[in-house]
Structure formats: C-alpha cells, structure tokens
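All remarks here apply to the structure that follows.
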Amino acid sequence: MTDKELANVIFPNITKTIEDYEKMYPERELPEGAKVTRFAPSPTGFVHIGNILQAVLDYYLAKNSGGIFYLRNEDTDTKREVSSAVEKIMDALKYMEMLPDEYEFDGSVVGNYGPYVQSERKEIYHTFIKHLIEIGRAYPCFCTSEELEIMRKKQEAKKGRIGYHGGWAKCRDLSNEERIERIKNGEKFVIRFKSMGNYDRKINYEDLVTGVIEFPQNDEDFVIMKSEDLLPTYHFAHLVDDHLMHTTHVVRGQEWLPSVPKHVELFETFGFKQPKYIHSSLLLKQDGNVRRKISKRKDPEALMEYYMEHGYPREAVIESLMTILNSNYEEWRDSNPEANYLDFEFDPKKVGTSGALYDLEKLDNISKNLISRMSADQVYDNLVHYTEIYDPEFNKIVTNDPDYTKSILNIERVQDKPRKDFANFSDIKKGIWYMYDELFDSPEYEWMKITDIGEIKNILNTYIDEFYSESDTSEEWFNKVKLMCDKLGYASNMKEYKQNPDAYKGNVADISTVLRVALTSKSQTPDLYQIMNILGKNRIVNRFKDIS
Ligand code: GLU
C-alpha cells in the first residue's frame with residue numbers, strides 16, 4: 001500500500017492542501033525590512049517576567065521596523081491549560097501598553113492570519129502532517145509508554161544517546177499494510193517525523209544573538225502529533241504557524257536552543273524559509289552567594305502581577321528589561337534621556353548569552369527617577385488609575401479633592417533635586433496617607449526626644465497661640481520656630497546648643513520634631529513647611545487638639 005493510502009486512512013477528512021492554506025494566508029504587504037514577531041506563550045496561568053522580556057523585544061522589533069506584533073495562544077499542551085490564563089496574558093500586555101496588532105480574545109479575532117489559538121488550528125496542522133505522510137516523511141508509531149521506557153533504560157545501560165532514532169526507531173520500518181491494520185484495530189498511535197539526518201554530520205546554525213553554532217544533525221524521529229488529542233507538538237505547530245503567519249523573527253527562551261536541529265530539518269523538509277531566532281537568556285537572581293533562576297514559587301517578582309499590583313510605571317519595567325536585553329542600552333539612554341525606547345537601535349550581538357541578572361533594586365531606581373521627573377498632574381493621573389483597580393478606598397480619598405492631592409504630590413517635586421522616594425504607585429499611599437484626615441485618625445506617634453505630654457501640649461499651644469501664621473513664607477516660618485525655642489528654653493542655634501547642652505531643655509530640631517510628629521505621626525517627612533502649608537490652619541489646629 002502506498003504512503004498516500006496510509007495518509008488517507010489517518011486523515012480521511014482532510015481535503016485541503018498546503019497550497020490552499022498558502023493562498024489563504026498570502027505574503028504580508030509590509031514595507032521593506034519590516035519584521036513580523038509574535039508573543040507565543042503557553043496559557044499556564046502564570047505570566048513570567050521572562051516571558052515579558054521576550055514580549056518587549058518582540059514588540060520593539062516589530063514597532064521599530066514598521067512591522068507586525070501578534071499574539072498566538074500556544075495551548076496544545078491541554079494538560080497545563082488554565083482558562084483564565086489568556087485573560088492574564090492580555091492584562092499584562094495591556095498594562096505594558098504592548099497590545100498586539102493581531103490576536104484572538106474573548107471570542108473576537110483581530111487580524112487576517114488567524115485563528116491565533118493553536119487548538120483551533122487542528123485542521124491546518126493535519127493538512128501539513130498528511131502531506132508529510134504522503135511523501136514518506138512521517139509515520140504512525142504504536143509504541144506504548146512502557147515500551148519507550150524499556151528502550152530508554154536499555155539506552156542508558158549502553159551509555160548511548162537517549163531517543164527514538166536509528167535502529168531504536170521500531171515503528172519506522174513497519175509496512176503500510178501493518179500500519180493500516182493496526183489503526184483499523186483501534187490501536188493508539190502518535191505521528192512521528194521521519195528524520196533523514198545523520199548525527200555524525202554537522203549543521204551550522206546562525207542565531208541572531210549567539211552567531212553561528214555548530215550542531216549535530218537531527219536524527220531523531222520526534223513526535224509531531226500526540227495521540228490523546230491529535231494536536232501537534234510545539235516543534236511542528238511553530239513550523240506551520242510561523243510559516244503561514246509569515247513570522248520573520250522568533251524570540252524565545254534559551255531552553256529551545258537544543259531543539260534547533262529538529263526545527264532546521266523540519267523547515268528544510270517542507271522547503272520553507274525559517275524565521276530568524278533570538279534565544280533570550282534566563283533571568284537570574286542573586287541569592288546570597290549563588291545566582292539562580294528566578295522562580296515563580298520563591299520570588300514574587302517573577303510574575304507580572306507583582307509589577308501590576310505594586311503599580312510600577314510600565315516605562316520603568318520596560319527600561320529595566322531593555323537594559324537586560326542590550327548591554328549598550330543604558331549608555332544610549334544616558335545620551336537620549338527623553339527618547340522613546342522604540343527609537344533605540346537594537347544590536348542582537350549585544351544580548352547576553354549566559355544568564356542575565358535581574359535586579360529589583362535597579363528597577364526601583366529606574367522607577368524612582370522616572371516618577372521624580374513626572375509633574376504632580378502626571379503622578380496624580382497614574383495614582384488615580386492605579387488605585388481605581390488596586391485600592392478603591394484610597395481612590396475615593398485622593399479624588400475627593402484633586403487639587404489638594406495634587407498639591408501634596410507636588411511637595412519637593414519642583415526643585416533641582418526632586419524627591420525620589422516613590423518607586424511605584426503603591427508607595428505613594430505609604431508616603432502621604434497622613435495628609436488625609438480619613439487616614440490620620442489615631443496614628444501611632446513616634447515622639448523622639450521630648451516625650452512628656454504636658455511639655456508637648458505646651459509647645460503646640462504656644463506655637464498656635466503666639467507664633468503660627470498661615471501666610472508666613474518658609475523663612476518667616478522657620479524664624480518663628482526659632483523664636484519659640486528661645487521663649488521656651490530650647491536652643492535655636494545648634495552650635496550654641498552643642499557647646500553647652502545643659503543650659504537648654506533641648507534644641508530647635510527637637511521642637512520641629514514635636515510639630516512634625518503631631519501633624520504627621522512620623523519623625524521623618526518631606527519639608528514640614530510645605531506640609532503645613534497644604535494642611536492649612538484648620539487641620540493643624542485639630543491635630544494639635546487631638547494630642548493626649
Ligand atoms: N509556547 C512556547 C513557550 O512558551 C513558545 C516558544 C516560542 O515562542 O516559540 O515556550
């Protein structure tokens with residue numbers, strides 16, 4: 001019996017050909033040099049920062065060249081699929097403002113090269129597999145997992161190469177008669193690719209990052225279609241999809257590098273042009289003396305939710321990932337502080353090949369600088385947007401009087417060295433909550449040197465009754481604090497105080513601390529004059545009254 005007959009027994013309902021699909025998905029009309037990239041995560045329910053690193057590069061490559069960035073849901077491993085996973089992926093892309101040009105989500109398909117969900121492309125894959133069977137380059141394999149396990153053990157015992165290759169490939173030489181009979185008897189089977197490779201020969205593969213790498217040829221008859229759901233494996237699915245969707249550049253994890261020889265042989269067998277590959281390195285974390293892979297179980301920062309829930313500005317996340325992706329990015333950024341990252345000229349040769357160190361402290365620094373350069377209005381808009389989703393109660397408070405909140409956010413902002421204490425938008429509440437009466441209720445006080453409540457009340461009353469004036473300038477304000485020191489027996493001059501501390505009850509810093517703590521409950525805050533100015537007399541008087 002012929003291979004064609006075998007193909008018809010296995011796929012009786014497949015009537016289309018590869019050419020039919022190639023006509024349905026013609027070459028894209030794009031400007032010269034435009035890149036087509038895809039973000040192709042498996043819907044596991046976790047969006048790892050390493051995936052986002054790849055997505056940033058995908059997005060950048062497409063947008064920097066006037067190309068297309070699309071999302072493909074690689075859900076062929078149904079055992080791992082989680083239903084809300086695609087939503088999480090879309091949420092992460094939305095947050096990063098890297099919406100794909102083409103995708104499938106929530107029942108709608110955007111783009112002409114779909115379906116963009118692999119489990120919906122079964123018929124397409126079957127057409128390509130049928131073709132391989134017809135030309136004698138794929139066959140059904142009936143080996144059970146027990147048989148494969150025995151084979152593996154024998155290979156191990158002989159210290160041989162593990163895998164379904166050469167003389168080990170038992171089902172490779174079955175006759176088509178036997179194959180068809182066993183299929184008709186209902187025996188379970190997978191489809192394997194029939195390799196023509198020779199392990200002793202070499203191929204030179206050119207990776208955009210690593211340059212030319214020499215690999216032995218593939219000689220493994222690897223599985224291309226699984227038996228349980230008739231879906232293809234990654235190796236095969238990516239060939240079909242990247243061919244029909246006209247992907248030019250694939251950014252994927254380094255764990256795929258050893259599979260390259262398989263992919264080279266598959267693409268050659270079909271006569272398809274292979275996309276260019278960038279294998280991105282693993283993200284590592286410094287853990288004491290060792291560097292280890294960032295792990296979603298141990299490190300909250302491994303998952304995208306961490307950045308979204310903390311409200312990191314997406315520009316900061318992008319900046320920190322771009323510095324990991326290209327070793328000369330930081331230098332470029334220093335000389336182009338205002339430029340859009342998409343204008344950076346990426347050099348694949350400058351991508352690290354060994355693991356890249358991912359440093360949260362660095363992200364915090366990038367982010368603190370970025371937020372410090374924002375105007376109060378911009379911080380306000382971001383804060384409102386963030387709290388809408390992650391802290392609705394605080395959202396009500398900050399939006400109740402937008403001008404009040406903006407003036408708080410403006411404290412120490414418009415100056416040569418603006419404040420840099422916010423690394424993300426959740427830090428803001430930690431830094432300004434005491435400005436709102438709703439949150440200031442019964443705070444824990446951090447009285448420092450002066451702790452006697454009678455003396456504290458005396459200071460506060462004297463200040464309000466004799467010295468405080470709402471219209472004072474910063475200089476007048478400070479002079480009055482000093483005058484009050486003199487009156488109450490505290491040193492207004494630090495030098496004099498240090499020369500003769502016993503002559504005083506304390507000094508001007510102690511007095512300022514009392515005012516600061518009474519108003520904010522904290523012994524350290526940004527500029528107290530500005531804080532008092534914004535709080536205004538009523539709040540100040542009320543807070544002083546509440547001290548007991
Ligand atoms: N689904 C594969 C993964 O998540 C994608 C690899 C690729 O981008 O080709 O590893």
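The values are calculated or read from the model by the stated rules, or taken from the named source; none is laboratory data. The shown structure was predicted, so the numbers you read here are calculated from the model rather than taken from an experiment. Cβ coordinates were reconstructed from backbone atoms using ideal geometry, including for glycine residues, and neighbour counts include every protein chain displayed. Remember, those area values only see protein heavy atoms, side chains included, never the ligands or the DNA or RNA. Shrake-Rupley method; radii C 1.70, N 1.55, O 1.52, S 1.80 Å.
Lone cysteines in the chain, defined as no other cysteine's Cβ under 4.7 Å from theirs: which are they?
143, 485
When all protein chains stay in place, what accessible area (Å², nearest 10, 1.4 Å probe) is found for residue 457?
My reading of the accessible area for residue 457 is about 80 Å².
Before I look further, what does segment 47-113 give for accessible area per residue, probe 1.4 Å, in whole square angstrom?
With all protein chains present, segment 47-113 gives 40 Å² per residue.
D for segment 262-302, whole µm²/s, Stokes-Einstein with Kirkwood Rh over alpha-carbon pairs at 4 °C and 1.567 mPa s: what number?
The Stokes-Einstein estimate is 97 µm²/s.
Measuring with a 1.4 Å probe in the full set of protein chains, what accessible area per residue, in whole Å², belongs to segment 458-518?
Averaged over the residues of segment 458-518, the accessible area is 53 Å².
Once you place label points 7 Å from the Cα toward the Cβ at residue 457 and residue 199, how far apart are they in nm?
Simple spin-label model gives 8.9 nm for this pair.
What figure in square angstrom, to the nearest 10, would you give for the accessible area of residue 495 with a 1.4 Å probe?
Taking all protein chains as shown, residue 495 has close to 150 Å².
Computed over the Cα atoms of segment 44-119, what is the ratio Rg over Rh, Rh following Kirkwood?
With Rg and the Kirkwood Rh in hand, the quotient comes to 0.95.
Multiply the residue gap between residue 496 and residue 94 by 0.36 nm, knock off their C-alpha separation, and tell me the result in nm, one decimal place.
On the way: separation 402, 0.36 × 402 = 144.72 nm, distance 5.97 nm.
Going from the current span to full extension adds 138.8 nm.
Quick check: at a probe of 1.4 Å, how many percent of the accessible area of the chain sits on carbon and sulfur atoms? It would help to have the intermediate numbers written out before the result.
Numbers: 12580 of 26880 Å².
Carbon-and-sulfur percentage of accessible area, whole number: 47.
Express the relative contact order of the chain as a whole percentage, based on alpha carbon pairs under 8 Å and six or more residues apart in sequence.
11
List the lysines whose Cα lies under 23 Å from the Cα of residue 368, skipping any in the same chain that are fewer than 8 positions away.
Output for residue 368: 94, 285, 406, 417, 420, 429, 430, 522.
Would you mind listing how long segment 250-359 runs along its three principal axes, going by Cα atoms, in whole Å with the largest first?
48, 36, 28 Å, listed from the longest principal axis down.
Can you pull the Rg over Rh of segment 413-548, Cα-only, Kirkwood?
0.97
How far apart, in nm, are two points set 7 Å out from the Cα along the Cα-to-Cβ line at residue 276 and at residue 474?
5.3
Along Cα→Cβ, 7 Å out, is where each label goes; now give me the distance between the ones at residue 106 and residue 417 in nm to one decimal.
Here the modelled spin labels are 4.7 nm apart.
Compute the FRET efficiency between residue 123 and residue 361 as 1/(1 + (r/R0)^6), taking r as their Cβ-Cβ distance and R0 = 41 Å, and round to the nearest 0.05. Display every interim value, and only then the final one.
Values: r = 50 Å, r/R0 = 1.22.
Given R0 = 41 Å and the Cβ-Cβ separation, E is 0.25.
Using +1 at the Cβ of each Lys and Arg and -1 at the Cβ of each Asp and Glu in segment 41-141, identify which of 96, 125, 141 lies farthest towards the dipole's positive end.
Working it through, the farthest residue towards the positive pole turns out to be 141.
Loop only by DSSP, 16 or fewer other Cβ within 10 Å of the Cβ. Give me the trypsin sites (Lys or Arg not before Pro) in segment 1-48 that pass, ordered by residue number.
Sparse-neighbourhood loop trypsin sites (Lys or Arg not before Pro): 16, 28.
Under a point-charge model restricted to the Cβ atoms of Lys and Arg (+1) and Asp and Glu (-1), what is the dipole moment magnitude of segment 464-548 relative to its Cα centre, in debye to the nearest 20? Walk me through the intermediate numbers first.
Details: 12 positive and 12 negative charges, 56 e Å.
Dipole of segment 464-548, to the nearest 20 debye: 260 debye.
Compute, for residue 141, the solvent-accessible surface of its heavy atoms (probe 1.4 Å) with the complete set of protein chains present, and express it in square angstrom to the nearest 10.
0
Given a Förster radius of 51 Å and the C-beta distance between residue 340 and residue 444 as r, what FRET efficiency does 1/(1 + (r/R0)^6) yield to the nearest 0.05?
Given R0 = 51 Å and the Cβ-Cβ separation, E is 0.70.
Given the C-alpha centroids of segment 128-152 and segment 484-504, what is the distance between them in whole angstrom?
91
For segment 1-150, count all C-alpha to C-alpha pairs, find those more than 24 Å apart, and express that count as a whole percent of the total.
Roughly 48 percent, rounded to a whole number.
Exposed loop sites here are GluC sites (Glu not before Pro) in DSSP loop states with at most 12 other C-beta atoms within 10 Å. What is the longest stretch of the chain lacking them?
On the way: sites that count: 27, 29, 32, 97, 228, 338, 345, 444, 470.
Of all site-free stretches, the longest is 98-227.
Apply the Debye scattering formula to the chain, with a single equal point scatterer on each alpha-carbon and no solvent, then give log10 I(q)/I(0) at q = 0.08, 0.09 Å⁻¹.
-0.69, -0.80
Relative to the present Cα-Cα distance, how much length would full extension add between residue 396 and residue 349 at 0.36 nm per residue of separation?
This chain segment gains 12.0 nm when fully extended.
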